[in-house]
Amino acid sequence: QFEAVAKIKQTCPVIIEIEEMTRGEGLTGPMLKRIDDKNLSLMCDRFSMLVNVGLPIVDAVSMLSRQMEDKNISHILRDIAKEVSMGRSLYASFSSRHGVFPTTFLESLKSGEESGDLSRTFARLKDYYERTSKTKDKVISALTYPALTMVVAVIVVIIIMVVAVPMF
């Protein structure tokens, strides 16, 4: 706690209170979770369509925040819409959510914003995260059967060692 006070005093001369945060709590409320590839793909797909039809970025982000079923993403997009409406760049708004969006997403967004081709950037991101999600699902399903087989084999060996071997 004393180290925290020393660090804070470097930037803020007056400290009124320091309170330890509970796990899962951020500076402005609940800590935001990392967005999974499936939801990221869905968000990119919808964003691409909205930008492609000529909707202004602020309106697209705002509309997207209302369309997303995931409350975490909806909350993030609502905050991003506010920031973009105040003049902050889309990239800066997304990148300020540390650990929520992957680096690939952020860097692609930055290049798309600089090139002025956000629609195509989001379409490519949608394809990338869709493939990534499908690959993860395939890996998990491919590893499930061998893992269950190993668990059953270990249980059988334990039963044999505990029940059958002591009889001899």
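The values are calculated or read from the model by the stated rules, or taken from the named source; none is laboratory data. Please read all numbers here as calculations on a predicted model, not as lab measurements. Positions of Cβ are generated from backbone atoms using ideal geometry, with glycine treated the same way; all protein chains shown enter the neighbour counts. Just so you know, the surface numbers come from the protein's heavy atoms only, side chains and all, with ligands and any DNA or RNA stripped out. Shrake-Rupley method; radii C 1.70, N 1.55, O 1.52, S 1.80 Å.
Packing around the peptides 89-102, 148-161, taken as the average count of other Cβ atoms within 10 Å per residue, puts them in this order, highest first: 89-102, 148-161. Segment A153..K136, full-extension length gain: 3.5 nm, with 0.36 nm per residue of separation and the alpha-carbon distance subtracted.
For S115 and S85, what does the FRET efficiency come to when R0 = 22 Å and r is the distance between their Cβ atoms, rounded to the nearest 0.05? Working shown, then result.
On the way: r = 23 Å, r/R0 = 1.02.
Computed FRET efficiency for S115 and S85: 0.45.
Pairs spanning more than 24 Å between alpha-carbon atoms, out of K38/K71; K33/K136; K38/K110; K110/K138; K33/K82: K110/K138.
Considering only the other residues whose Cβ falls under 9 Å of the Cβ of N39, what net charge follows from Lys and Arg at +1 and Asp and Glu at -1? For residues surrounding N39, the net value is -3. Once the 1.4 Å probe is applied to the protein heavy atoms, the range 55-168 comes out at 64 Å² accessible per residue. Of the accessible area of the range 24-168, computed with a 1.4 Å probe over protein heavy atoms only, carbon and sulfur atoms account for 63 percent. The simple spin-label model puts a point 7 Å past each Cα toward its Cβ; for T144 and K71 those points are separated by 2.7 nm. With a ≥ b ≥ c the root eigenvalues of the C-alpha gyration tensor of the range 38-160, is it rounded (a/c under 1.5), prolate (a/b larger than b/c) or oblate? Prolate, since a/c reaches 1.5 and a/b exceeds b/c.
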